[in-house]
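Following: one structure in structure tokens, then a few remarks.
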Amino acid sequence: MLFVEFRFLAFFLVVFSVYWSLRTNTARKWWLLGASHFFYACFFIGDPAVFWDHLRHGQWAKMPAGWWFPAVLWASTTMDYIVGRGIGGASTEARRKAWVVVSLAANLGVLCFFKYFNFFVASAGDFLAWIGLPASVHTLNIILPYGVSFYTFQSMSYSIDVYRKRMEPVRRFLDLAVFISFFPQLVAGPIVRAMTFLPQVLEKRVWASVEVRACLTLFFLGFVKKACVSEFVAPFSDQFFAAPGDFDRYGAIIGVLFYAVQIYCDFSGYTDMAIATAGLLGYQLTVNFDFPYFAKNITDFWRRWHISLSTWLRDYLYISLGGNRGSKLFTYRNLLLTMVLGGLWHGASWNFVIWGAMHGVALIVHREWQRLTEKAGVWFRRVLAVIAVPLTFYWICVTWIFFRAAPIYDKDTKALEATGLQAALQVLQAFTLPGDLGKRTFGYECLGVIVVLAILHWLNSRRLIGPQWRRLPDWACAALLGVGTAGALLFVPVKYKAFIYFQF
Amino acid sequence: MPPPDSRFSLRRWLLHWLIFFGALVSYAVLIERWLPYPDVPNAGEKIRYLGLHGNQYDTIFTGSSRVNFQVLPSIFDEALAASGRPTKSFNAGLLGLRPPEQGYFLDEVLKQPRKKLRYVLIELTSLEARAPASRRGSARFMAWHDAPRMALIGTWLRAEWAALAAGFNPTDRHRTHWTELWEPVAVWFSHFGPFCKNTLNLGRGAFLGDRWIIAPGERAKQLNKFRALGEKRDGWLPYDGARETMNDAERAAYLESYEARLTTPAVHFNDPASDAAIEAMRQAVLKAGTTPIFFVPPMTSDRHYLPPPDLEQHMIIWNFSDPHRYPQLFLPEHRLDYIHMNTAGGQVFTRALAERFAELPH
């Protein structure tokens, strides 16, 4: 059940209506917990009648793949509840530390097993084969539970914050369960901190504090980003990345730029809808994007892109590694390690490792650059200000190539033509070097699409649209949203692709 | 619903939703006028081709596979030219085209340039509400679900219920039961979803992406291919590619149905929804300043749809489904099954159509 589907609207209408008609906070939380699990189950349950029939008769082999996903979610929640209580009741620092180690080991263990087991085993096998040693590699048929990367990070944030004495452990299991399984952010974030969300769970939400108009507008914008823009440009980048060698330079540029548009609109669209959905239920989620493609440098980019992840990595990984409390080399090591692990968080593939490393190196280079140009003149700074945004965006696009590139197969024989990394290098060549690799190209209208999107994005980033919108009376907003929805529905694909970040 | 606290007003809430839906539907209806017919294979190509070259045709055929594969405009024009009445005809038949879609497609055809158009020959078939599952959800299926066509489905639902209500008895197992009453409603709902999606133009702008994904030069070449129009670009295609004859089992089945038709004349059934659909098409053609001609292709099916006598007397109807009058149309070597003919049969049928056409007053 995707946010952009009609059935989600029907589901949310029921959840919303019942939620606000319940009087007590406890009843609301139970309702949210049930709704969240129903939402989660919709991703793998298939036909509910068939599922129930198999469950009743114990036909486990016939159950849909992933029917046990909720068990992982519950196990993670239960374990962190116990850890939280354990830390709260521990009499010595050593015991507190032991409890938090249990939490980290269990959460990271779950993540490593489901996400990285096959990757590490296969990579070890490849390495042994490469150095000439005989290797018999056995991978397991493991499927990744939806949202595991997101909810384990949330779980860990709770244990770590309790350990760091930033918050009290929760008394009731229900509160923690609602926090971790809250459906708007369950499968693809934003990664909400226990410190910011649990106080909201504990306090009864008040309808008067809900900014309905802002939430509906945000949901609409998210819908447009995902359903119209991301889905519209996806076939272009898919075709390009499937055969980068067939395209000329213009085609390559459009292919890569459209992928940058696709991933931003896909993920930020999802986040907007998640924030709006939570907002309509009276909860505030973390802001996740702040016009990242207008970042002036790579450090600025990471303050604007997937903010909930970057701040999580900063607070719980980079600082835990020692942060910048050491020599320059020590700081750079921490930066690189954090970004590589951040890359690996996105998926068990060397593509993501390289992507993370590229960002890590760029962050280090930027720090050095800042140090070197500290005393630069005004003119130099002015020139830099002009080229900073396009240069940063160009580098981001280059890194996306490694993020996106997948193995290329021969269309007819389905035989592997190039591995993911070889494909990435081919794309990189088409995107960065002069000359055409092939003859295929896209229509010139694509450039127009990019220009229009860039202008709209720029106007929005300069806060030229928002204030005007807020000044409008409610009835005018309703009418404009109606007109906007009619326009947006034109570009909605009849069948949607899942959100890109669902796979992480 | 949310509790009635300080800021919540149910009246305002409902009013704003009403404004939202009003604006949504009004704007969707407004932009629908500028949207092209969906880029679906065959149907979209024919409409697009008529949009470019519609002015050269004076006669257009429309109907199902029995038109698409069995009416050869080149032979039709040749036969009429030989009889001293030159025509330029176009085959706008489509696989599985029956009312209500037939009426929608006809409207689309009539929207195209048609300076010379004088005759529209329409295959007479009954309204098909229970669409096969394979067709549901396709762009072509979605496209015809507009308000007039939904009204026809509504007429069909009322007729079905009237027939079922006559035999309704919840206690008698041999008569109509509750579940049977529900089935037509389920059919109606299977059209209501596409109607909502179509009214809101869901995904109708996707054709832009489909076009822009191809370079302009290549795009022009692809748009000019018009594969569905056949070699002569007159809209005719041979049935099923290479299949031209029946195998022994098909031949035996056909001959059995043929024998039955020879001895038992076809039953003409009454169907208010089909009557309304046919009348709507007749009116659309008349409104366009052209002459509608209805025809029944040669079939050995035991049930035939024909309009009621009061409607029939205003119409030109040519019934080719009479094996006594048109024996050559029912020869096994001209057939593919009890409702379809092969290319040779199509040629014979087209000549028979041309003969009837030549009889029309100038």
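Values for this structure:
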{"item": "Segment A:13-39 residues that are within 27 Å of A:Y146 (Cα to Cα) and within 13 Å of another protein chain (Cβ to nearest Cβ), paired with ones that are open to solvent by 50 Å² or more (accessible area, probe 1.4 Å) and among the hydroxyl-bearing types (S, T, Y) (beta carbon under 7 Å, 6 or more apart)", "result": "none"}
{"item": "Test set (1) closer than 30 Å to B:E160 by Cβ; (2) of a type in the set (S, T, Y); (3) touching a residue at least 40 places away in the same chain (Cβ under 8 Å) - B:T290 fails condition number", "result": "(1)"}
{"item": "Checking B:F269 against (1) aromatic (F, W, Y); (2) at pLDDT 90 or above; (3) in contact with a Ser or Thr (Cβ under 9 Å, 6 or more places away or on another chain), the condition it does not meet", "result": "(2)"}
{"item": "Among the residues listed as B:S26, B:S83, B:S9, the single one being touching a residue at least 60 places away in the same chain (Cβ under 8 Å) and either more than 8 Å from chain A (Cβ to nearest Cβ) or among the polar types (S, T, N, Q) (or both)", "result": "B:S83"}
{"item": "B:A163, sole failed condition from (1) modelled with pLDDT under 85; (2) surrounded by 15 or more Cβ atoms within 10 Å (Cβ to Cβ)", "result": "(2)"}
{"item": "Only one of B:K221, B:K225 that is exposed (fewer than 12 other Cβ atoms within 10 Å of the Cβ), more than 18 Å from B:F330 (Cα to Cα), within 14 Å of chain A (Cβ to nearest Cβ) and not β-branched (V, I, T)", "result": "B:K221"}
{"item": "Sole residue being surrounded by 14 or more Cβ atoms within 10 Å (Cβ to Cβ) and within 14 Å of chain A (Cβ to nearest Cβ), chosen from B:R282, B:R204", "result": "B:R204"}
{"item": "Close pairs (7 angstrom Cβ cut-off, 6 or more residues apart or separate chains): crowded, with 20+ Cβ neighbours inside 10 Å in segment A:392-409, of a type in the set (K, R) anywhere", "result": "A:T392/A:K296"}
{"item": "Residue among A:G84, A:G58, A:G66 that alone is surrounded by 14 or more Cβ atoms within 10 Å (Cβ to Cβ) and not in a helix (DSSP H, G or I)", "result": "A:G66"}
{"item": "Evaluation of B:H191 against (1) more than 14 Å from chain A (Cβ to nearest Cβ); (2) open to solvent by 40 Å² or more (accessible area, probe 1.4 Å); (3) over 22 Å from B:R335 (Cα atoms); (4) not aliphatic (A, V, I, L, M) (one fails), failing number", "result": "(2)"}
{"item": "Single unsatisfied condition, B:S74 versus (1) hydroxyl-bearing (S, T, Y); (2) in contact with a helix residue (DSSP H, G or I) (Cβ under 8 Å, 6 or more places away or on another chain); (3) more than 12 Å from chain A (Cβ to nearest Cβ)", "result": "(2)"}
{"item": "Tally, over segment B:333-362, of residues that are over 23 Å from the mean Cα position of the chain (by Cα) and either open to solvent by less than 10 Å² (accessible area, probe 1.4 Å) or under 14 Å from B:M299 (Cβ atoms) (or both)", "result": "1"}
{"item": "Considering residues of segment A:40-50 that are free of Cβ contacts under 8 Å to residues at least 60 places away in the same chain and open to solvent by 30 Å² or more (accessible area, probe 1.4 Å) only, the residue nearest to A:F179 (Cα to Cα)", "result": "A:C42"}
{"item": "Checklist (1) in contact (Cβ under 8 Å) with a residue 24 or more places away in the chain; (2) open to solvent by less than 60 Å² (accessible area, probe 1.4 Å) applied to A:A418, failing item", "result": "(1)"}
{"item": "Close pairs (8 angstrom Cβ cut-off, 6 or more residues apart or separate chains): charged (D, E, K, R) in segment A:54-77, surrounded by 10 or more Cβ atoms within 10 Å (Cβ to Cβ) anywhere", "result": "A:K62/A:H54"}
{"item": "Those residues of segment B:99-123 which are in a loop (DSSP other than H, G, I, E, B) and surrounded by fewer than 20 Cβ atoms within 10 Å (Cβ to Cβ), in sequence order", "result": "B:P113, B:K115, B:K116, B:R118"}
{"item": "Scan of segment A:359-389 for residues that are within 19 Å of A:L425 (Cα to Cα), of a type in the set (A, V, I, L, M, F, W, C) and open to solvent by less than 30 Å² (accessible area, probe 1.4 Å), ordered by number", "result": "A:A362"}
{"item": "Residue in segment A:218-236 that is of a type in the set (D, E) and either open to solvent by less than 30 Å² (accessible area, probe 1.4 Å) or modelled with pLDDT of 90 or more (or both) present", "result": "yes"}
{"item": "Checking A:G443 against (1) within 11 Å of chain B (Cβ to nearest Cβ); (2) of a type outside the set (V, I, T); (3) in a helix (DSSP H, G or I); (4) surrounded by 12 or more Cβ atoms within 10 Å (Cβ to Cβ), the condition it does not meet", "result": "(3)"}
{"item": "Hits in segment B:211-229 - residues which are closer than 21 Å to A:Y250 by Cβ and in contact with a Pro (Cβ under 8 Å, 6 or more places away or on another chain)", "result": "B:I213"}
{"item": "Residue in segment B:13-64 that is nearest to the chain's Cα centre (by Cα), counting only those that are acidic (D, E) and part of a helix (DSSP H, G or I)", "result": "B:E45"}
{"item": "Number of the exception - B:I60 against (1) of a type in the set (A, V, I, L, M, F, W, C); (2) within 8 Å of chain A (Cβ to nearest Cβ); (3) more than 30 Å from A:D474 (Cα to Cα)", "result": "(2)"}
{"item": "From the options A:A424, A:A415, A:A406, A:A357, residue that is closer than 30 Å to A:F117 by Cβ and modelled with pLDDT of 90 or more", "result": "A:A357"}
{"item": "Odd one out for A:S349, checked against (1) in contact with a helix residue (DSSP H, G or I) (Cβ under 6 Å, 6 or more places away or on another chain); (2) crowded, with 19+ Cβ neighbours inside 10 Å; (3) not aliphatic (A, V, I, L, M)", "result": "(1)"}
{"item": "Residue within segment A:43-52 that is within 30 Å of A:F220 (Cβ to Cβ), within 14 Å of chain B (Cβ to nearest Cβ) and either in contact with an Asp or Glu (Cβ under 7 Å, 6 or more places away or on another chain) or in a loop (DSSP other than H, G, I, E, B) (or both) present", "result": "no"}
{"item": "Exclusive hit being open to solvent by less than 10 Å² (accessible area, probe 1.4 Å), at pLDDT 85 or above and within 14 Å of chain B (Cβ to nearest Cβ), set A:V210, A:V192", "result": "A:V210"}
{"item": "Pair list, Cβ under 8 Å, 6 or more apart: segment A:224-238 residue without any contact (Cβ under 8 Å) to a residue 12 or more places away in the chain, other residue open to solvent by less than 30 Å² (accessible area, probe 1.4 Å)", "result": "A:P235/B:G209; A:P235/B:I213"}
{"item": "Criterion violated by B:L15 - all others in (1) under 19 Å from B:G203 (Cα atoms); (2) within 14 Å of chain A (Cβ to nearest Cβ) satisfied", "result": "(1)"}
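The values are calculated or read from the model by the stated rules, or taken from the named source; none is laboratory data. Keep in mind it's a predicted model, so treat the numbers as computed, not measured. Using ideal geometry, Cβ is built from the backbone for each residue, glycine included, and neighbour counts are taken over all protein chains shown. The protein model used for the area step is the full one, side chains on, heavy atoms only, and it has no ligands, DNA or RNA in it. Shrake-Rupley method; radii C 1.70, N 1.55, O 1.52, S 1.80 Å.
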